[in-house]
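Each remark here refers to the structure printed beneath this line.
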Amino acid sequence: MAEVIRLVFARSTGPVRSPMGLMIQAMRQPDSAAETIEEAEARVAACTETTPAPAPWNTPVSPVAAEAEWGEFVAQAQELVQAEEQAAAARLVTCRIHHVEHSAAAVCPGCRADALSGTTGTPEPGADGSFDLEAWRAQRRAARAAQAEEVEQTRAALTDRRKTQGQAGHPSAGARFSGGGR
């Protein structure tokens, strides 16, 4: 094991902040880990002048023993999965879209309803903490400008309507109540 550690540190190209992290990273890469272990075994064997024992993953195993070992592995994995599911069922999380608290093992009821109805369920602006104030202000300015334009068009239409009614021979309000006429 000491030789493996020496090899990993010899391969590092700069200062190491976390020795444990470096070792974990080196051992997580399957091919690299196997090569490092084999190289360390060869170096130790060369130092002690013995032949290295075959790697445990290269030893022949009978089908019955392999099946038993696989069954043991599956049983352990199932126990771990069940324990993880139970822990997730007990843990509560909050949906960032619907702001509903639900168990981590289940899907948010609002998200499920969105999926069933085919809606996107996109969050409100700022629900994820990324509210763009300038974009919101620009959107509000555009909405106000559109509303002002609509009001102006309505006024112009009413003014034109009054003018055309006056020209069409309709008596004006002043003429009806002025006492003149008949």
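The values are calculated or read from the model by the stated rules, or taken from the named source; none is laboratory data. Note that the coordinates shown come from a computational prediction; the quantities given were computed from them, not determined experimentally. Cβ placement follows ideal geometry from the backbone for every residue including glycine, while neighbour counts extend to all protein chains displayed.
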For the list (1) in a helix (DSSP H, G or I); (2) modelled with pLDDT of 85 or more; (3) charged (D, E, K, R), I need the number of the one condition that GLU84 fails. (2)
Could you check how many residues of the stretch 81-95 are surrounded by fewer than 12 Cβ atoms within 10 Å (Cβ to Cβ), touching a residue at least 12 places away in the same chain (Cβ under 8 Å) and charged (D, E, K, R)? 1
Matching option when the condition is modelled with pLDDT under 85 and within 30 Å of GLU101 (Cα to Cα), among SER130, SER172: SER130
Matching residues, the stretch 103-126, being modelled with pLDDT under 85 and either assigned to a helix (DSSP H, G or I) or farther than 27 Å from TRP136 by Cβ (or both): SER103, ALA104, ALA105, ALA106, GLY118
If only one of ALA104, ALA87 is over 30 Å from ALA34 (Cβ atoms) and touching a helix residue (DSSP H, G or I) at 6+ places or on another chain (Cβ under 6 Å), which one is it? ALA104
